[in-house]
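Visitor: This is the structure I have questions about; it appears just below.
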Amino acid sequence: MEITGERHVLTGDFSNLAEYYNHLMHLATYQYAEKFIAGKKVLNFGCGSGYGSSLLSKAAQSVIGADISREAVDFANEKYAAKNLSFRTINEIGGEKFDAITSFQVIEHVSNYQEYVKTLKKLLKPDRILLISTPDRENRLYSFQQPWNIFHLKEYSGKSLKNALTKEFKQVKILKMTAEKDLVMSEISRTLKQKKITLPSTLPFYPNFLRVFLLKLQSNIFEKVKRAVSKSPKSTGISQNSTPDFIQKYSVNNIKFEENPELSTDLLAICSHN
């Protein structure tokens, strides 16, 4: 499977604290979901590399991981398939119904969020639980700015995510993901730089193809400049002979889910008709 940086893959290589925070955030989201899926038939919609579906299968009765990419599904089946866990393309799900659905870091990739939410609702048994996570645009973008992540079509605030989901679900609770200040600020500082640096390429009136083109061009220019001024090769991750202090200091248990934290990076929506 091609590693683009957008699908999270468990590698154990972290160049800095922000990378490690993002890794912990992904794991914590699945860990938090365990209380909702224990003993249930679960669909992980947009399963990516499959590690999250594998984590869910430890608590669920059964899990199907589904993704739009055949390459991702094949990778996940080879690496994670188990007795109560399998992977399919989204088109292969058919009319099957589930007790719980998780869809983490997916909604920001879809062009039609209404169709996406309606699809998940159809796959869900009545009065059951849907969990959706997505980046929190509050600290990532200016109010008028398009996403600087070339894979994202739209990013949501807590308010806009709730508005999108309440059109199909009666009950929608929005939690925000946070952590100790120095840990969460590593990611917020990173995204603050990104939103400033990429502003010329993410103005609201650009069509998507132009936004993506400008962002790729800008990224290529920055990489060439960095290589030109750097006298040593860029680090690719953890040294085999040492472990960064932040890995010893922090774990998945440091990620918190709160309604109104002072700082947050991502959102988790809990949806039902109850």
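The values are calculated or read from the model by the stated rules, or taken from the named source; none is laboratory data. Predicted, not measured: the structure shown is a model, and the values here were computed from it. Please note: Cβ atoms are built from the backbone with ideal geometry, for glycine as well, and neighbour counts cover all protein chains shown. Side chains included, ligands, DNA and RNA excluded: accessible areas come from the protein's heavy atoms. Shrake-Rupley method; radii C 1.70, N 1.55, O 1.52, S 1.80 Å.
Visitor: So which of ILE93, ILE64, ILE68 ends up being under 20 Å from the mean Cα position of the chain (by Cα) and in contact (Cβ under 8 Å) with a residue 24 or more places away in the chain? So that I can check it myself, show each step before the final result.
Guide: On the way: ILE93 fails: under 20 Å from the mean Cα position of the chain (by Cα); ILE68 fails: in contact (Cβ under 8 Å) with a residue 24 or more places away in the chain.
Sole residue among the options that is under 20 Å from the mean Cα position of the chain (by Cα) and in contact (Cβ under 8 Å) with a residue 24 or more places away in the chain: ILE64.
Visitor: Enumerate the helices (runs of 4 or more DSSP H) found wholly within the stretch 1-103, keeping only those where 3 or more residues are farther than 21 Å from LEU120 by Cα and either open to solvent by 20 Å² or more (accessible area, probe 1.4 Å) or not charged (D, E, K, R) (or both).
Guide: The helices (runs of 4 or more DSSP H) meeting that bar are 17-37, 70-80.
Visitor: Could you check THR134 against (1) surrounded by fewer than 18 Cβ atoms within 10 Å (Cβ to Cβ); (2) touching a helix residue (DSSP H, G or I) at 6+ places or on another chain (Cβ under 9 Å); (3) part of a strand (DSSP E or B) and say which number it fails?
Guide: (1)
Visitor: Using the structure shown, decide if SER157 is surrounded by fewer than 22 Cβ atoms within 10 Å (Cβ to Cβ) and either among the basic types (Lys, Arg) or out of contact with any Gly (no Cβ under 9 Å at 6 or more places or on another chain) (or both).
Guide: When the stated conditions are applied, SER157 passes them.
Visitor: Would you check which residues across the stretch 104-127 are part of a strand (DSSP E or B) and surrounded by fewer than 20 Cβ atoms within 10 Å (Cβ to Cβ) and list them? Even if it seems obvious, please write down each step before you answer.
Guide: Going through the stretch 104-127, the residues part of a strand (DSSP E or B) turn out to be 104, 124-127.
LYS125, PRO126, ASP127 - these are the residues of the stretch 104-127 that are part of a strand (DSSP E or B) and surrounded by fewer than 20 Cβ atoms within 10 Å (Cβ to Cβ).
Visitor: Pick from the stretch 183-211 the residues that are free of Cβ contacts under 8 Å to residues at least 60 places away in the same chain and charged (D, E, K, R): which of them is least open to solvent (accessible area, probe 1.4 Å)?
Guide: LYS195
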